[in-house]
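Chemist: To start, I am sharing the structure in question, which I have written as structure tokens.
We did not get these values from a lab; they are worked out from the coordinates using the rules stated. Bear in mind the structure is a predicted one, so any value in this text is a computation, not a measurement. As a convention, Cβ positions derive from the backbone with ideal geometry for all residues, glycine included, and neighbour counts pool all protein chains shown.
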Amino acid sequence: MKYAYYDTDDPIVALATPWGESALAVIRVSGTASVDMAAPCFSRPDRLLKGDSHTIHYMNFIDPADNMPIDEVTVAIYRAPHGFTGQDSLEIFCHGSLVSIKKILETLKSVGFRDARPGEFTLRAFTQGKLDLTQAEAVQEIVSAKSRQAHSLALHRLSGGLFSHIDMIKRDLLLILSRIELQLDYAEDEVVLDEEIDEISLHKAIRALGELAATYRTGKIFSQGVKIALAGPTNAGKSSLFNLFLKEDRSIVSDIHGTTRDYIESWISIKGIPVRLYDTAGFRASVDVIEEEGIRRSIQLLEDSDLVIYMIGTEDISSLMEEHPEYIYIWNKSDIREGNAPEGSLPLCSLTGEGFSDIEKEIISRLEITNIDNSGEHEIMIDSLRQKELLDRGVISLDSAVEAIESGMPLDVVAPDIQDCIDALGEITGEITSADILDTIFSGFCVGK
Amino acid sequence: MDVDAIVIGGGHAGIEAALALSRLQFSTLMITQSLDAIGRLSCNPAIGGLSKGNMVREIDALGGEMGNLIDETMIQFRILNRRRGPAVQAPRAQADKFSYNRLAKETLEHQKGLSLFQDTVVDLILDSSGTRVIGVVTERGRRFHAKVVVLTTGTFMDGKIFIGEYVASSGRLGEPAALGLGTALRRMGLTLGRMKTGTPARVKRSSLDFDKMEIQPGDSLMQPFSFSREKIERPSLSCWITFTNEKTHQIIQDNIHRSPLYGGQIVGLGPRYCPSLEDKVVRFPDRDRHQIFVEPEGIGTEEMYLNGISSSLPEDVQEDFIHSIEGLEEAEIMRTGYAVEYDYIDPTQLYPTLECKQFKGLYVAGQTNGTSGYEEAAGQGLIAAINAGQSLLGKAPLILSRSEAYIGVLIDDLVTKGTNEPYRMFTSRAEYRLNLRHDSADQRLTRKSYEIGLQSSEALERLEYKLKGIEEIKELLRVKKHEGKSWIQHLKRPEMTIDQIVDSVPELNSFDPVYVNQVELDIKYEGYIKRQEQQVKRFERMEFMKIPLDFDYDEIEGLSNESKEKFKSVRPMSVGQASRISGVRNSDIAVLMVILGRKKRG
């Protein structure tokens, strides 16, 4: 639906600071009744419900599902017509960890907020007359630029492959819908062809859209990077592997040093994928309180990582392998160690680098990155949440259409679901109108009456 | 003679316009070329059909006359698409065209405050500013003054008839065209175009061999279109079905060069949706046959209508191809088929009220706006009259939304996008058709018309009674349980029908079966209807963002020139309407919203 873009008062949420690790991050929500809507996500909802405009409150941000705290935050309340957008809105100052930012965004969406589109807060600010007349010209320019950008997500920013891929699926659906509409437009005794609805194509479309939506992870990996942690006991060869990664990679972005006791991290690139690599503190029973704290943080880090590479030491790892089959296990050959790599692990000679390329391959395969050709270029892939959400909506609509068909619902009930999917795809690729459907019908069919 | 309102034309748009204006207490004069031709069914002797039947019931709910006219004169009734879903079922009736036509005239004659006069309007009178229509001039030089004029000329404005090489100035076979008005409107600066439509031959009943055709009887129960009527008891006549064949198509192929359509004499674009047989043969060469409905034109007449084979080929060719069809071998042609080409007004020159943007007080409705079909015409006539009345009283116009009526879809499409071929309504034109069921037209529209003063208080009481009945039935099904579940839950299962429940819940028998049927649909499709309502809410937000009529698009910096020109030409009344103008960029809609948002805040 192209109308959706211009809704100016439904509740939206967005991260107002750059997506990345920092001391603090600001998350902003806006929209009619948005303060009331967000209140259950805070440990003291009354402070929000009753709080005056321009007041700041300190409390926990919680998951309303189980009341578990997610982060300590300060939250600023703005009530219409104040604040940047002129609507009821909140600015939530949280810790700048990507994990808590992500959780807070997800929680807010679970209570009814949706992702703001590019420029949407600004658009609201203009719509609400929050900017003065001298700014008006500049404002219009920005607005049209922003929305044009949204439109050209369809036409320009997308790679040609994605556009034609979606367009192809859309055409298939349009054909199915045209056939349904043709039957609906003429009485049952007028049109001789009373065809079965093409369920196979619907299933095919559902699969294709699902697969495309799944590339969001890949797309995101390319645009935002992945977190890989090296774990294992001290002296297992973590640092050697870490250095091997650094040596292999000629496009090191930067070196960031955490507390040495905790971990070392570095931006590297594996097969074109930006990777934030962490060398964690070793696992070792320790009485040293500081080191214990370091290990606790290391464990936390492992949980937050997209992938963990575990360097096997001398310990028996069979129970660990059972508990964490998702880890990549590496057995490092060295002068002091003989024998073969245990089953389920990859051998590496950190001195010669032998086995390293297999590790890289394994990393790529574990990240479930699809559609990478030899040049490392990725093609049919999505990288925006908006696209993913539209694809998800399309899949839900088609699922509902299939369900309706299978439960024997009539075609006029099925059609709006297919139309909704086409609208969702249309929002990605451009516009379609119901006139298009008529054109498809009448160029392809003869009608009796 | 000075009146409040003049209606030009006595077709289906003119009838509704004249009746509505006079019922709203405005002194009204209808000027028509022939009093005998009022309400004539020029083409198909039938009213209703898919989406059209819905429109007839919408017209009735709004206080129009069409439902009543067909209820009084139907000779066969069918609910189409019974096997299909709720949104696409629709009533259709064959009419006794003579009774229809006579009753239409009689209804107009008996209407208080309405005068009828036979003459041909050739020009409009403008006030001194040249921007307001204040009357009309007729062929015989008579001048009539009025505050508003509703133009409903149908196919008569510079109408031209084609049968093969034969061309004549006519609006309908045997009836003269209305000459001069089209020229006058062009001189005033309006954009007019040419359109074409056609009608098939009528054949003599006793010359047909019905044994070779398939009979198509009506439903056993005739159901009224009008919400004011409970039942219709009248014998039902049958129709028949036959098909063209390869020989028929060969005859047409061999003579296609003699068609005025393909010979280039007709410049107007014909309807894609209701094409002539020669169109079908040329455009769909793979089809080896096309369906023909053989329909009675009325009681006490031998004339039968050959629905599906309209043609403007020469008479000898028409005769040949008709005789090649099974059951029609010996058919005696009584009236020949023909094409008619006429002037229409580009409807994007109108507001959604159907008032002309350029000339205040001039309303245009019906086929003149490029539509096809009696129902489309009648719906426009009614809305034009209501809005002419509202403007005379200085009240807010009645603009039906796309989500509340097919008439709303129709008018929005016409004034926003225009049309370059005769516009026929289809269910697929409506985005929210689950909401536009024919049985709910009264729930959607009656109150609006009552508030305007057109619909009667009885109609409102009837509606309230119905709503109460529906609630009672729902309550009954909610409270009564079977195997631990309410009947509502049972009814949601696809295979379950309310008829199966009646034995267990005999109280249902005390309600009007129409109400019971509606409850069944409401419950069965509840989830889908709710989803549709959410879509409607999303849609309405942009509809509710109104654009002032005097809005100065030139003043806005951010708009693209292309969109600016389109906005200035269409003059959309809401952001929603603006977004439907073809070729307008999303970004320009955003800019528009920004500016409107600012204006609202002052």
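Chemist: Add -39500 (n - 2.57) for each DSSP H run of 4 or more in chain B, then divide by its residues: what number comes out at 222 nm, to the nearest 500 deg cm²/dmol?
Modeler: Value at 222 nm, helices only, nearest 500: -11000 deg cm²/dmol.
Chemist: Enumerate the lysines that residue B:204 could reach by cross-link, defined here as Cα to Cα under 18 Å, with residues fewer than 8 away along the same chain left out.
Modeler: Output for residue B:204: B:97, B:212.
Chemist: Kindly provide the Kirkwood hydrodynamic radius of chain B in Å, to one decimal, from all pairs of distinct alpha carbon atoms.
Modeler: 25.5 Å
Chemist: How far apart, in nanometres, would the label points at residue A:341 and residue A:406 be if each is projected 7 angstrom from Cα along the Cα-to-Cβ direction?
Modeler: Label-label distance for residue A:341 and residue A:406, simple model: 4.3 nm.
Chemist: Would you mind calculating the gained length between residue A:399 and residue A:324 on full extension (0.36 nm times residue separation, minus the Cα-Cα distance), in nm to one decimal?
Modeler: Fully extending the segment from residue A:399 to residue A:324 adds 23.6 nm.
Chemist: Same structure, new question: What length, rounded to one decimal in nm, is gained on full extension from residue B:489 through to residue B:457, with 0.36 nm per residue of separation minus their alpha-carbon distance?
Modeler: Length difference between fully extended and current span is 7.9 nm.
Chemist: Rounded to the nearest 0.05, what FRET efficiency is calculated for residue B:560 and residue A:362 with R0 set to 51 Å and r the Cβ-Cβ distance?
Modeler: Calculated transfer efficiency: 0.45.
Chemist: Which of the peptides A:63-73, A:410-420, B:15-25, B:178-188 is most tightly packed, and how do the rest follow, judged by the mean count of other Cβ atoms within 10 Å per residue?
Modeler: Packing proxy ranking, top to bottom: B:15-25, A:410-420, B:178-188, A:63-73.
Chemist: Also: Quick one: of B:112/B:468; A:109/A:247; A:109/B:52; B:417/B:537, which pairs are farther than 32 Å apart, Cα to Cα?
Modeler: As for pairs spanning more than 32 Å Cα to Cα, those are B:112/B:468; A:109/A:247; A:109/B:52.
Chemist: Using 7 Å Cα-to-Cβ label points, what is the residue B:186/residue B:36 separation (nm, one decimal)?
Modeler: Each label point lies 7 Å from its Cα, and together they span 3.1 nm.
Chemist: Here's a follow-up. With Rg and the Kirkwood Rh both taken from Cα atoms, where does Rg over Rh land for the range B:310-451?
Modeler: 1.12
Chemist: Averaged across the residues of B:529-536, what count of C-beta atoms belonging to other chains lies within 10 Å of each residue's C-beta?
Modeler: Across B:529-536, the average partner-chain Cβ count within 10 Å equals 2.
Chemist: Also, I was wondering about something else. Over the Cα atoms of the range B:1-101, what is the Rg over Rh ratio if Rh follows Kirkwood?
Modeler: Rg/Rh: 1.04.
Chemist: When the chain is fully extended, how far beyond the present Cα-Cα distance does residue B:544 get from residue B:511, taking 0.36 nm per residue of separation?
Modeler: Gain on extension, residue B:544 to residue B:511, equals 8.1 nm.
Chemist: Rank by packing, highest mean first: peptides A:174-183, B:561-570, B:367-376, with packing defined as the count of other Cβ atoms within 10 Å averaged across residues.
Modeler: Answer by packing, highest mean first, reads B:367-376, A:174-183, B:561-570.
Chemist: Next question, about the same structure. Neighbour counts of other C-beta atoms within 10 Å: give me B:555, B:472 arranged from fewest to most.
Modeler: Result, fewest neighbours first: B:555, B:472.
Chemist: Follow-up question, since we're still on this one. Enter the mean number of other protein chain beta carbons within 10 Å of the beta carbon of each residue in A:402-412, as an integer.
Modeler: Average per residue, whole number: 4.
Chemist: What's the ranking of B:520-527, B:440-447 by average number of surrounding C-beta atoms within 10 Å, highest first?
Modeler: Result, highest mean Cβ count within 10 Å first: B:440-447, B:520-527.
Chemist: Suppose R0 equals 51 Å. What FRET efficiency, 1/(1 + (r/R0)^6) with r the Cβ-Cβ distance, do residue B:245 and residue A:57 give to the nearest 0.05?
Modeler: 0.05
Chemist: Taking a cut-off of 20 Å between Cα atoms, list the lysines near residue A:204, but don't count ones fewer than 8 places away on the same chain.
Modeler: Filter leaves A:170, A:388.
Chemist: Cα to Cα, under 17 Å, and not fewer than 8 places away if on the same chain: which aspartates and glutamates meet these conditions relative to residue A:361?
Modeler: Qualifying aspartates and glutamates at Cα under 17 Å: A:248, A:249, A:306, A:326, A:373, A:377.
Chemist: Averaged across the residues of B:538-550, what count of C-beta atoms belonging to other chains lies within 10 Å of each residue's C-beta?
Modeler: 2
Chemist: Would you mind calculating the relative contact order of the range B:465-564 from Cα pairs under 8 angstrom and at least 6 residues apart, reporting the percent as a whole number?
Modeler: Relative contact order here is 23 percent.
Chemist: Please report the relative contact order for chain B, taking Cα pairs under 8 Å with a sequence separation of at least 6, and give it as a percent rounded to a whole number.
Modeler: Over chain B, the number comes to 17 percent.
Chemist: Same structure again: How about the range B:50-159: which trypsin sites (Lys or Arg not before Pro) there are in a DSSP loop, with at most 15 other Cβ atoms within 10 Å of their Cβ?
Modeler: Answer in residue order: B:82, B:83, B:112, B:140, B:142.
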